[in-house]
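Data first, discussion second: the structure below is written as structure tokens.
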Amino acid sequence: MERFFEALFARDPSGRSWLPALLAAAPHGRGALGELVDEPGWIEIPLAVRGASGRLACLDYRVAPARELLAWYVDHPAELTWPVDTRPSPAVERLRRALIEDDPAGARARAQDRAHELIKTASPFTADWWRFEPSAALDCVLLTDRLALTIEGDAGSPASDWYPGRTQLVRDLEAAKHLATGRRFATLVLSDEPRPDAIDEQLEVGAPHVSEAERDELRAGYLGDLTWAQARAAVGLGD
């Protein structure tokens, strides 16, 4: 991911010479975006510069899960799965057991009330006992005046160890919608080999906190899975 976009930004930081070709090559690019494929706009300048880490700002772009999703986790503790390698402090484990296992009896309702208060007021990037999905570093985010695009290279992996059915692809689609703020949004997957298109199943399981209409909106933003070889050919990059 880093080498690919380093080469493209070195060629043209605005993206005008390569972003349309990348979108057009996506399996659902034209169907999802229509004429926007040809004129997606200029990539915002801050994303094309290097941050303190020395990497392009479009890479490892930090986002937080929606408060509605965090609230759904709290309201549906039976849907959560204890990660096998979690090592919380005794205080955090006690609070989580109260919520998930109602231990001691009657503690769940109090834990849920407290968690909902914190979800409303705490920073969206806070790590705490009630947060069952961490903030994430998206592989790549490209923002123009017309489009918010997230690009994922590990789409099938879980976004949350506590709720493995929620994939990083679903997380990326929601993040793209949140970042759009009035623009169109989309998510593209880049992979070594073609993968089965299981977006319907992933959204059904991985976005339980939204309505069916909102799932349809997320589904419409999925551009499909493009292999690295196809992506390089589309934008004119060699191996």
Hey, for a label at V92 modelled as a point 7 Å past Cα toward Cβ, could you say which residues of region 110-131 have their backbone N under 14 Å away?
-> 126-131
Fewest to most neighbouring Cβ within 10 Å: what's the order for S53, S191, S135?
-> S53, S135, S191
Using R₀ = 22 Å, calculate the FRET efficiency as 1/(1 + (r/R₀)^6) where r is the Cβ-Cβ separation of E44 and L237; round to 0.05.
-> 0.50
Separation in nanometres of the label points that stand 7 Å from Cα toward Cβ, at D216 and A21 | 3.7 nm
Rh (Kirkwood; distinct C-alpha pairs) - the chain, Å | 19.1 Å
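Let me know the charge dipole size of the chain about its Cα centre in debye, to the nearest 20, where only the beta-carbon of Lys, Arg (+1) and Asp, Glu (-1) is charged.
Details: 27 positive and 39 negative charges, 149 e Å.
The dipole of the chain has a size of about 720 debye.
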Which length gain, in nm to one decimal place, applies between D161 and D192 when the Cα-Cα distance is subtracted from 0.36 nm times their residue separation?
-> 8.7 nm
From the C-alpha gyration tensor of region 1-107, square roots of 5λ in Å = 44, 19, 11
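Going by how many other Cβ atoms sit within 10 Å of their own, how do C140, C58 line up, fewest first? Walk me through the numbers before you get to the answer.
Values: C140 22, C58 25.
Least to most surrounded, the residues fall as C140, C58.
Using the crude model of +1 on Lys and Arg Cβ and -1 on Asp and Glu Cβ, and no other charge, please compute the dipole size for region 115-239 relative to its Cα centre, in debye to 20. Intermediate values should be presented prior to the final figure.
Details: 12 positive and 22 negative charges, 95 e Å.
Charge dipole of region 115-239: 460 debye, to the nearest 20.
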Pairwise label distance in nanometres, T227 with A105, each label 7 Å out on the Cα-Cβ vector | 6.0 nm
The exposure ranking of L47, L143, fewest beta-carbon neighbours within 10 Å first, is L47, L143
Unit charges at the beta carbon, dipole of the chain: most positive-side option, T81, V37, T126 = T126
For region 37-95 and region 119-194, distance of Cα centres in Å | 6 Å
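To two decimal places, what compactness ratio does region 157-239 give when its Cα radius of gyration is scaled by 2.2 N^0.38 Å? Don't skip to the answer; put the middle values down first.
Values: Rg = 13.9 Å, N = 83, 2.2 N^0.38 = 11.8 Å.
Computed over Cα atoms of region 157-239, the ratio equals 1.18.
What do you get when you divide the Cα radius of gyration of region 98-190 by 2.2 N^0.38 Å, with N the number of residues? Could the numbers behind the result be given before it?
Working: Rg = 16.5 Å, N = 93, 2.2 N^0.38 = 12.3 Å.
Dividing the Cα radius of gyration by 2.2 N^0.38 Å gives 1.34.
When the chain is fully extended, how far beyond the present Cα-Cα distance does D200 get from R67, taking 0.36 nm per residue of separation?
Values: separation 133, 0.36 × 133 = 47.88 nm, distance 2.30 nm.
Working it through step by step, the gained length comes to 45.6 nm.
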If one computes P(r) from the Cα atoms of region 67-121, what percent of pairs lie at distances over 17 Å?
-> 36 percent
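Read-outs: derived from the displayed coordinates by stated rules, not from any lab. None of these values were measured; they are calculated from a predicted model. Glycine gets a Cβ as well: all are built from the backbone with ideal geometry, and neighbour counts include every protein chain shown.
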